[in-house]
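For reference, the structure discussed in these notes is given below.
The values are calculated or read from the model by the stated rules, or taken from the named source; none is laboratory data. Just so you know, these numbers come straight off a predicted model, no measurement behind them. Cβ coordinates were reconstructed from backbone atoms using ideal geometry, including for glycine residues, and neighbour counts include every protein chain displayed. Accessible surface areas use protein heavy atoms only, side chains included; no ligands, DNA or RNA. Shrake-Rupley method; radii C 1.70, N 1.55, O 1.52, S 1.80 Å.
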Amino acid sequence: MAKLTILEYPDPRLRTIAEPVENVDDEVRSIIDDMFETMYDAPGIGLAATQVNIHKQIVTIDLSEEQNEPLVMINPEFEVLDEEKDKYQEGCLSVPGFFENVSRPQKILLKAMNYNGEAYELEAEGLLAVCIQHELDHLNGKLFVDYLSMLKRNRIKSKLEKIHKLQEKQA
């Protein structure tokens, strides 16, 4: 397993739309293993392959404190089961240090394939539903900052650009 580099906003590669996985093989499973290692190390509760510059429809999630409930989503899609929305404070490994309220549907039906390429469905609500929607946005080149006002988005962008410039000077 290997720890991968997480792209940070406003990196344009985060806007790439992920391609479907054609075949779940050892290469795909290796990517998934590396994504879990990267996500746990960050630490985070969700990671889309787009965030590590792999443009395939793969997502890893684990909401458990013990990091022992891994959820793999290959070629995921969802449908909204309840139009009622709720606000959750979202953060993102690609937008480090920032947390903002985002309104999303509270109950969804996920359809995806697991680690072994087997199809499954999962009804999700609350934090899991929010996390799934957040990560699937990444596969479509969308970030949680896109739900914010232009003013907030620009503020976050300029602060992260300053941090990135400082890091480049120190490297």
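Could you say whether any residue in the stretch 19-31 is closer than 27 Å to residue 105 by Cα and not in a strand (DSSP E or B)? Checking the stretch 19-31: at least one residue is closer than 27 Å to residue 105 by Cα and not in a strand (DSSP E or B). Residue 30 meets each of the listed conditions (1) among the hydroxyl-bearing types (Ser, Thr, Tyr); (2) farther than 17 Å from residue 120 by Cβ; (3) open to solvent by less than 50 Å² (accessible area, probe 1.4 Å) apart from (3). Can you tell me which residue is nearest to residue 46 (Cα to Cα) among those in the stretch 90-123 that are within 16 Å of the chain's Cα centre (by Cα) and of a type in the set (Asp, Glu)? For the stretch 90-123, the residue satisfying everything is 90.
Checking each residue of the stretch 35-49 against the condition of being assigned to a helix (DSSP H, G or I), open to solvent by less than 10 Å² (accessible area, probe 1.4 Å), under 16 Å from residue 137 (Cβ atoms) and at pLDDT 95 or above gives at least one match. Please tell me if residue 77 is of a type outside the set (S, T, N, Q), at pLDDT 95 or above, open to solvent by 50 Å² or more (accessible area, probe 1.4 Å) and in a strand (DSSP E or B). Judged against the criteria, residue 77 is a match. Residues that are part of a strand (DSSP E or B) and surrounded by 19 or more Cβ atoms within 10 Å (Cβ to Cβ) within the stretch 107-143 comprise 108, 110, 112, 113, 124, listed in sequence order.
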